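For reference, the structure discussed in these notes is given below.
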Amino acid sequence: MKLAGKFLVVDGPDGSGKETQIKRLAEWITAQGGQCTRARDPGGTVIGDRIRHVLLDFDLATMDPRCEALLFMASRAQLVAEVVRPALQKGHTVLCDRFISATCAYQGAIGVPPAEIIALGRLAVGDTWPHLTILLDVPPETGFARIGRKRHHVSSRRNVGQRSIFEGATADAMERRPLEFHRRVRELFQELPAAYPAPVVLIDGERDIDAVWEDVHKAVERAFQ
Ligand code: TMP
């Protein structure tokens with residue numbers, strides 16, 4: 001199977017549809033007899049989940065941007081050592097929700113230069129960089145409208161004490177940042193194909209799920225033919 005031992009990342013702004021496309025990729029790969037390991041960044045390990053909690057369940061206003069970047073990278077170092085590398089060695093296809101690309105965009109948007117984040121990434125993950133990163137491009141208005149709708153169905157009982165810009169929805173620390181921040185995140189994702197040291201494809205994520213899937217599927221076929 002040509003995707004055996006390959007590392008695929010799906011990334012993009014909040015509400016870009018990553019989870020749906022990762023689910024489709026996993027179904028497609030297993031239908032061909034491949035084995036998948038799914039991972040989530042930040043988190044995905046006991047240590048990483050604790051770091052995720054520090055990063056997303058509190059107000060980040062007092063956290064220095066470099067501290068923020070280092071914590072995301074620390075969670076990722078653990079994820080790569082504990083989950084990604086062993087799975088690749090077993091011949092699994094690893095499907096990861098976000099990676100260093102997200103730090104370039106989100107912590108880039110609060111002033112940490114993406115080139116420095118990439119240098120830090122080399123320290124954190126060594127040579128375990130994705131064989132392909134798929135970036136789903138959506139404007140923040142679309143992404144947050146989707147998240148708001150989803151949360152409306154599932155979360156009125158879950159209260160983390162913070163409310164987002166959408167009625168009835170709860171928000172994590174990143175979602176509570178202003179729209180301008182999220183616009184900059186999107187721009188930095190759009191600039192990533194030229195700056196990232198591993199292959200990146202940018203796909204229009206504003207269309208319906210099937211149209212996006214067609215492009216995701218084609219991009220993977222093209223990268224690993
Ligand atoms: P998630 O919604 O994909 O679980 O990610 C949680 C939030 O953390 C999301 O708003 C993006 C943000 N994030 C960063 O700011 N930097 C990073 O390096 C990563 C992986 C996520």
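Here are a few things to note about the model shown:
- A count restricted to region 177-205 and to residues that are assigned to a loop (DSSP other than H, G, I, E, B), surrounded by 15 or more Cβ atoms within 10 Å (Cβ to Cβ) and in contact with a strand residue (DSSP E or B) (Cβ under 9 Å, 6 or more places away or on another chain) stands at 3.
- Residues in region 63-79 include none that are buried (at least 18 other Cβ atoms within 10 Å of the Cβ), at pLDDT below 95 and more than 9 Å from the ligand (Cβ to nearest atom).
- Note on region 1-60: residues that are among the polar types (S, T, N, Q) and away from the ligand (no atom under 15 Å from the Cβ) amount to 4.
- In region 206-222, the residues that are surrounded by fewer than 17 Cβ atoms within 10 Å (Cβ to Cβ) and in contact with a strand residue (DSSP E or B) (Cβ under 8 Å, 6 or more places away or on another chain): GLU206
Here's the yes/no breakdown for (1) at pLDDT 95 or above; (2) within 15 Å of the chain's Cα centre (by Cα); (3) of a type in the set (Asp, Glu):
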residue: THR30; (1), (2), (3): yes, no, no
residue: PRO42; (1), (2), (3): no, yes, no
residue: GLY48; (1), (2), (3): yes, yes, no
residue: VAL54; (1), (2), (3): no, no, no
residue: ALA81; (1), (2), (3): yes, no, no
residue: LEU88; (1), (2), (3): yes, no, no
residue: LEU95; (1), (2), (3): yes, yes, no
residue: GLY108; (1), (2), (3): yes, yes, no
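- Where a residue in region 171-185 is touching a residue at least 24 places away in the same chain (Cβ under 8 Å) and its partner, wherever it lies, is surrounded by 17 or more Cβ atoms within 10 Å (Cβ to Cβ) and of a type in the set (Phe, Trp, Tyr), with Cβ under 7 Å and at least six apart: MET174/TYR106; VAL185/TYR106
- Pairs where the first residue, in region 90-104, is in contact (Cβ under 8 Å) with a residue 40 or more places away in the chain and farther than 23 Å from ARG183 by Cα and the second is among the basic types (Lys, Arg) and more than 7 Å from the ligand (Cβ to nearest atom), C-beta under 7 Å, 6+ apart: THR93/LYS6; LEU95/ARG38
- Just one of the numbered conditions (1) touching a Cys at 6+ places or on another chain (Cβ under 8 Å); (2) crowded, with 22+ Cβ neighbours inside 10 Å is not true of PRO114: (2).
- Members of region 47-72 found to be of a type in the set (Gly, Ala, Ser) and more than 23 Å from PRO113 (Cβ to Cβ), listed by number: GLY48
- Complete set of residues in region 122-133 that are within 14 Å of the ligand (Cβ to nearest atom) and farther than 17 Å from LEU55 by Cβ: VAL125, PRO130, THR133
- Matching residues in region 13-53 - criterion: being part of a loop (DSSP other than H, G, I, E, B) and aromatic (Phe, Trp, Tyr): none
- Any pair with Cβ under 7 angstrom, 6 or more apart, that starts in region 61-79 at a residue that is over 18 Å from ARG40 (Cβ atoms) and ends at one that is among the hydroxyl-bearing types (Ser, Thr, Tyr): ALA69/THR103
- Filtered residue count, region 1-43, keeping only those that are in contact (Cβ under 8 Å) with a residue 40 or more places away in the chain and closer than 22 Å to GLY126 by Cβ: 15
- For region 80-102, filtered to residues that are buried (at least 20 other Cβ atoms within 10 Å of the Cβ) and of a type in the set (S, T, N, Q), the residue that is nearest to the ligand (Cβ to nearest atom) is SER101.
The values are calculated or read from the model by the stated rules, or taken from the named source; none is laboratory data. Keep in mind that what you see is a predicted model, and the values were worked out from it rather than measured. Every residue, glycine as well, gets a Cβ built from its backbone with ideal geometry; the counts of neighbours run over all protein chains shown.
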